[in-house]
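The values are calculated or read from the model by the stated rules, or taken from the named source; none is laboratory data. As the structure is a computational prediction, the values presented were derived from the model and not from experiment. Don't worry about glycine lacking a Cβ; one is built from the backbone with ideal geometry, like all the others, and counts go over all protein chains shown. SASA here: full protein model, heavy atoms, side chains in, ligands and nucleic acids out. Shrake-Rupley method; radii C 1.70, N 1.55, O 1.52, S 1.80 Å.
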Amino acid sequence: MSTSPSPRARPVGVREVATRAGVSRQTVSRVLNDHPEVAEETRARVLAAMADLGYRVNYAARALGTRRSRTLGVLASNAEQQGPARSIAAIESSARAAGYWVIAAFSDAGDAASVRAGIDHLLAQNVEGIVALAPHARTLTTLGDVTVTVPVVTLHSSRQGAPGLSVDQVAGARLAVAALAEVGHTRIAHLAGPADWLEAESRAEGFAAELAARGLTPGPTVPGDWSAASGHAAAAGIADAGVTAVFAANDQMALGLIGGLRELGVAVPEDISIVGFDDIPDAAYYWPPLTTVRQDFDELAERAVRALVGEPGVPVMDEPVVPTLVERRSVARPR
């Protein structure tokens with residue numbers, strides 16, 4: 001028996017599709033490029049021929065011929081965190097719905113050279129636009145210093161004077177504090193995110209603003225790092241602080257805090273009420289189910305993709321996306 005490999009079949013090309021459909025190669029190209037002046041019957045015949053022959057678009061060759069790659073770049077950092085990870089997934093989904101693919105480059109947000117290298121990598125892939133996730137102020141600064149030859153849209157925490165698309169983190173934090181204050185809590189602590197994150201800064205700002213608006217004195221602010229472990233570690237200090245409620249800057253820290261408090265014999269929400277932020281998929285299934293603030297990552301991603309590839313002349317709403325409160329069972333009236 002021969003063990004030599006069988007010859008590779010040549011990929012099906014435009015010529016074969018044109019022959020099968022009984023049209024010219026130019027007509028096939030027009031169908032591939034969504035040209036409006038192709039009769040629907042002809043378009044259907046060409047698409048059927050492509051399906052019959054197993055034709056696959058060669059995007060690299062197509063980009064050379066049309067100068068369009070139908071590809072968007074995503075520049076991201078800290079992708080292991082919920083916010084960036086869900087943003088990337090939402091951008092990919094919105095881009096696919098618009099007929100585009102996504103290439104991601106991951107950089108160290110604290111290293112300007114790494115951010116520049118990520119942008120250079122995306123440009124080398126002939127992307128038509130870039131969505132930059134900018135959770136850190138220094139990422140925004142670096143982006144402002146780099147010359148980019150394609151459109152760029154930044155996604156970041158709402159920050160005064162910073163261009164780009166955002167979720168109103170301050171408003172979301174105020175919703176969380178209001179949910180606690182409305183049921184009678186007056187001694188409210190804040191389990192904060194890392195100080196170098198724009199979201200953490202804005203959520204701390206909203207915490208302070210809502211308490212001030214209600215004439216309440218802020219309880220202690222306990223630093224965290226977004227992880228459930230940091231929430232768990234904060235439990236003893238919060239239990240000893242004499243507070244009856246906590247606004248945690250994200251859900252993972254809130255869930256870790258609940259576990260840590262339970263180990264200390266402190267019941268949630270009977271002894272201490274807790275509100276989180278993000279509405280991660282697990283938040284509804286822990287005990288107690290977590291009251292939290294939901295960010296609309298899908299809306300933000302749709303706006304970003306529309307800003308890059310949407311119909312010319314159609315404005316993209318650039319007002320911050322307003323989050324919503326999801327009420328569950330981690331909040332009760334203080335004893």
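By the helix-only formula, in which each DSSP H run with n ≥ 4 contributes -39500 (n - 2.57) and the sum is divided by residues, the chain has a 222 nm mean residue ellipticity of -13000 deg cm²/dmol. Summed over the residues of segment 150-304 and divided among them, the accessible surface reaches 37 Å² per residue at a probe radius of 1.4 Å. Other residues with beta-carbon under 13 Å from the beta-carbon of GLU327 carry, at +1 per Lys or Arg and -1 per Asp or Glu, a net charge of +1. Length gained on full extension, ARG214 to VAL146: 20.1 nm, using 0.36 nm per residue less the C-alpha separation. Computed over protein heavy atoms with a 1.4 Å probe, the carbon and sulfur contribution to the accessible area of segment 199-335 reaches 52%.
List the equivalent ellipsoid semi-axes of segment 183-300 in whole Å, largest first, each obtained as the square root of 5λ for an eigenvalue λ of the Cα gyration tensor.
Working from the Cα gyration tensor, I get semi-axes of 19, 18, 14 Å.
Rounded to the nearest 0.05, what FRET efficiency do ALA241 and VAL322 give with R0 = 30 Å and r taken as the Cβ-Cβ distance? Could you check? Efficiency at R0 = 30 Å is approximately 0.45. Sparsely packed loop sites in segment 254-323 (the chymotrypsin sites (Phe, Trp or Tyr not before Pro) outside DSSP H, G, I, E and B with at most 13 other Cβ atoms within 10 Å) comprise TYR285. Note that segment 318-329 has calculated 3J(HN,Hα) couplings of 10, 5, x, 5, 8, x, 10, 8, 10, 8, 10, 10 Hz, one per residue in order, obtained from phi through the Karplus relation 6.51 cos²θ - 1.76 cosθ + 1.60 (θ = phi - 60°); glycine and proline are x. Working from Cα pairs under 8 Å separated by at least six residues, relative contact order for the chain is 15 percent.
Rounded to the nearest 0.05, what FRET efficiency do ASP111 and ALA267 have when you use their Cβ-Cβ distance and R0 = 41 Å?
So the FRET efficiency works out to roughly 0.40.
Note on the chain: antiparallel DSSP beta bridges, both residues inside, total approximately 10 percent of the bridges counted. Here Rg/Rh (Cα atoms, Kirkwood Rh) was computed from the coordinates, and among [x] 0.95; [y] 0.97; [z] 1.13 the match is [z]. Would you work out what percent of the accessible area of segment 74-120, with all protein chains in place, is carbon or sulfur (probe 1.4 Å)? Ligands and nucleic acids excluded, carbon and sulfur reach 51 percent.
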